[in-house]
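Written out below as structure tokens is the structure these notes cover.
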Amino acid sequence: MAEAVTRGSPLPEANVAFWQRLDSKWVLIGVPIALVCWLSLVPLVFLLWQSFLTPQTASRPAVFTLENYGTAYLSAETFRLFFNSVQFAAGTAIFALCLGTALAWMNERTNTPFKRLFFALSLIPLVIPGILFVVSWIMLASPKIGILNVWLQWLFNTDEVFINIYTMPGMIFVEGLHYSPMAFLLMTAAFRSMDPSLEESALMSGASILQIAWKITLKLAWPAAAGALLILLVRALESFEVPALLGLPVGIQVYTSAIYQAIHQYPSQIGLAAAYAITLLMITGVGIYLQSRLAYHGSRFSTVTGKGFRPRTVDLGRWRYFTASLFILYFVVIVLLPFLVLVWSSLQRFYSPPSWAALSRVSLDSYRAVLDYPQFWSTVRNSLFLSFTTATTVMLIGAIVSWVIVRTKIPGRWVLDNLASMPLVFPGLVLGLSIMICYLYIDIGVYGTIWILLIAYVTRFLPYGSRYVSTSMLQIHKELEESAAMSGASWAMTFRRVVLPLLKPGLLAGWIYVLIVSIRELSSSILLYSPGTEVVSIMIWELWQNGQYVELSALGVMLIILLFCLVMIAQLLGKRFGISES
Amino acid sequence: MDGRDKRGHDGGEAGASEKKREIEETAVLKVKSLFTEYASDNGTVVKAAQDVSFEVPEGKLFTLLGPSGCGKTTTLRSIAGLERPTSGEIEVSGRAVYSSSRGIFVAPNKRNFGMVFQSYAIWPHMNVFQNVAFPLEVRKVAKQQMRDRVMRVLNAVQLDHLVDREATKLSGGQQQRLALARALVMEPQLLLLDEPLSNLDAKLRDRMRTELKRLQRELNLTTIYVTHDQSEALALSHEIAVMSDGFIKQVGTPRQIYETPNSQFVADFVGTTNFIGGTVTALESGGRCLVSSPMGEIRAHAADGVVKNSTVIVSVRPEDVELSEQAPAAADGETIIRATVHHKDFLGEYLDFQVKVGDVVLQSRAHPSLRTPTGDPIYVRMKADKCVAIPSAMPPKSVNESANKSPNENTIRPN
């Protein structure tokens, strides 16, 4: 075809080329981008709109007002709320990032024994949903019934309260622990694709292992670390379970719990909640702006080239047993203790701390009660459908979006980056609320069905998907794609045959992550579910509200075991289809 | 589809008639006043290629030579279609692949050019066979034919024994051959090489250079080669374009570039040279001129733009600074100057001499049999054809650059 059009008629060729590109590339790119715009922008519009309205009641329609912002900014509580939120979020993010980075470095970059096992184990904390994690730590460390306190009091024979989880440090500890696996995964992806010769050359320059870790590895990983810190910060700001269960009882209020309280007043102060959310949005917006600046300058950190790429590890000598024991300690604190306390509680008829007397009352009644719960099976089905569909959709959109952001020079791609990151600024509760209002007004038949939950989930987890991908994308040398183009491959072919396979480790890690967080999702679902579309986390929430702690524990234990199996399957898949690394 | 019919792939019959047809041969690649500019990260416009024009005849190896940042890679990437030029025309075998005036831009995957990248860009998730087969797979070549063609090209680059090896398990030289095989397998109209040897160690580089040359000559591939290494350029090319700051400074055969550089930049960048500042006192017949310099009168070949009384720089290569202990008889067009041996290095196959004329230090490369001790007088002979007077905008520097001497020399000593 190209041969036919040589000198005489040059224009048709250009036109054909244009239409051809329109067919494959631009449709493939355009649809996900349009989707991202819709998902990210519409809830924001409704949130803004709502923040200027008075509460709607049966007798009075909503009218325009500025009072919400007055209450949000001018009350005496404003400063305390802001300070609490920042303290909580920063503490959590820094704690989680330090923990996660140290563990990721030990696991990816050193010869710590049983690394494969540890990698598998470090994913396990993700399988404990936030609400279960908080509940189990209440059972462990509450001043009255906390097992740790009871045992320590018995050991030293005093009435002293040793650990009080209902404090700001307690909240930071629980939340930071809970988010440390996320930091671990993000940093692992970064360490994994780093050129080992950069470290080796430092080693040859006479640097010690700690110097290399500090001066080379961490410096090279800093875009990933900064990105991870941002995600953690925003997640902590959005977090709902810890502030609701640990903060509210003792009056430590952060934005999310303030929003929750505003919604659960009568009449609902949805406008006030939206005004708080706008404040959150501005704080997190700054973070996202910084992150997008990072991605621009990311190209000089691209470290995987087509040349020999075989990560090698640092020899720790005898210290490797020390790092191994750190892993074990971490595993005990983050998984074993919470899980065992749930198991213990699930075997009781009424909750009581472990003792010989309580041991004699062990039974499986609570499990029977849960399995006989009328909606149990449909709830499980809903959760599985939602999480699989969400994970797949999110990763595909994420791959294309981050390709556009990282690889192309399309002007205004930073807008797309910010749009894809926008859902980060929505606390789950507010996202649920905006989506609820949105599809009440835009009637396309999703309201009250499982599809509205899917929309919420995809929107909510889209940023994590695209961030997982762009972390990997930044580290694939662009010549690998260009050589495919020079070989005659179309954009779609290049994407399918070169980009996706090279992204596979990142994609898979992200897919697993989104799958798991979708199953655990609570704060958006709580406003969007209706009879027949309940998910597992909603069931747990209801049991907690009803004070059915033992049934909650039983359901929790089963959920944890299910999630554990999912993670194991995903791990096996990863081993079979991921790029072999050693 | 396109272009394959034009070229025979066996080097057999091509060799004999090659030499005399050079002039009549039609250019395969025509680049006309190409400008490529792009915005850098901090918003400033990078003028990567400025008014670049050249033509490459069929089967020739054309080199873009220059220091890093001179625009050579951008020019290559513009030809490849990986970079979109700002304006200009690029035509391959009469087919425009880019034309700003006619609004043509052919996507890189529709151009059918083979390219070897600096990083080789070997796909780490595919083995050797899969890497090479990819271009054919994309073109939907039948399985059996694909196998044959892949094996033939792997055979040509001597990788056929590694066909099932994982691509990441290859050595640097093997990766380079693999990248070349992948570029050749689709029988490209044009082969683009972006510093393909720069990632190899010196010995291997020499071997691969020879092999690359053999393959290029045998397959009669029209090739554009980008390098910053002047010896590679001289050894491989039919023609070289020396680039600096986005502009082509000089185009010519390796010999022309080396022996008659048209600017100080070209003389300095290609090979080592002595620079002697001076003023033209007379123009002579045969394109020669007489230059008055701090080391005396020099008879030199006048480059374009040299006029009487203009300041020039005389460039003379170390191997053209002939040394002898006895005063040689001055033949026509030769400059003979008495000097003293300032410094010398024994390098096995030759001796590096630094001789002093007044305060001017000249570098010379001499046969190791010359054993004149340091401090002794020695005679320098320079043939006029080997001394090139290049117009200089700068005031004449009295001393050559390589010797790093103070430039304010004013004693002019005739020999």
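The values are calculated or read from the model by the stated rules, or taken from the named source; none is laboratory data. The shown structure was predicted, so the numbers you read here are calculated from the model rather than taken from an experiment. As a convention, Cβ positions derive from the backbone with ideal geometry for all residues, glycine included, and neighbour counts pool all protein chains shown. Remember, those area values only see protein heavy atoms, side chains included, never the ligands or the DNA or RNA. Shrake-Rupley method; radii C 1.70, N 1.55, O 1.52, S 1.80 Å.
What the table below lists for this structure:
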{"quantity": "Interface size A-B, as summed buried accessible area [1.4 Å probe, Å², nearest 100]", "calculated": "3500"}
{"quantity": "Over chain B - Rg/Rh using Cα atoms and the Kirkwood inverse-distance radius", "calculated": "1.05"}
{"quantity": "Rounded accessible area per residue of chain B, 1.4 Å, Å²", "calculated": "44"}
{"quantity": "Under the span-like rule (Cα at least 30 Å along the axis, Kyte-Doolittle mean at least 0.5), DSSP H helices of chain A", "calculated": "A:27-51, A:77-109, A:168-192, A:270-296, A:376-407, A:450-473, A:549-577"}
{"quantity": "Relative packing of peptides A:438-450, A:530-542 - highest average C-beta neighbours within 10 Å first", "calculated": "A:530-542, A:438-450"}
{"quantity": "Structure-based [θ]222 nm, chain A - -39500 (n - 2.57) summed over DSSP H runs of at least 4, per residue, nearest 500", "calculated": "-21500 deg cm²/dmol"}
{"quantity": "18 Å tail of the calculated P(r), the stretch A:430-534, as % of Cα pairs", "calculated": "59"}
{"quantity": "Entries of B:LYS249/B:LYS386; B:LYS308/B:LYS356; B:LYS249/B:LYS356 with Cα pairs more than 26 Å apart", "calculated": "B:LYS308/B:LYS356; B:LYS249/B:LYS356"}
{"quantity": "Percentage of interatomic Cα-Cα distances in the protein assembly as shown larger than 36 Å", "calculated": "62"}
{"quantity": "Heavy atoms of A:LEU396: accessible area, 1.4 Å probe, square angstrom to 10", "calculated": "100"}
{"quantity": "Folded to 0 to 90 degrees: helix B:202-219 orientation relative to chain B principal axis, Cα", "calculated": "60"}
{"quantity": "Carbon plus sulfur fraction of accessible area for the stretch A:200-283, probe 1.4 Å, in percent", "calculated": "67"}
{"quantity": "Solvent-accessible area lost in complex, 50 Å² minimum, residues of the stretch B:136-181 relative to chain alone, 1.4 Å", "calculated": "B:VAL138, B:THR168"}
{"quantity": "Accessible surface of A:VAL31 - all protein chains present, 1.4 Å probe, nearest 10 Å²", "calculated": "90"}
{"quantity": "Surface share of carbon and sulfur [accessible, 1.4 angstrom probe, percent] for the stretch A:372-489", "calculated": "66"}
{"quantity": "Inverse of mean 1/r across different Cα pairs in chain A, Kirkwood, Å", "calculated": "25.5"}
{"quantity": "Rounded to the nearest 10 Å², the accessible area of A:MET395 at probe 1.4 Å", "calculated": "10"}
{"quantity": "Model label zone, A:PHE385; criterion: amide N under 15 Å from point 7 Å along Cα-to-beta-carbon; scope the stretch A:432-461", "calculated": "A:446-457"}
{"quantity": "Heavy-atom accessible surface of chain B: percent carbon and sulfur, 1.4 Å", "calculated": "48"}
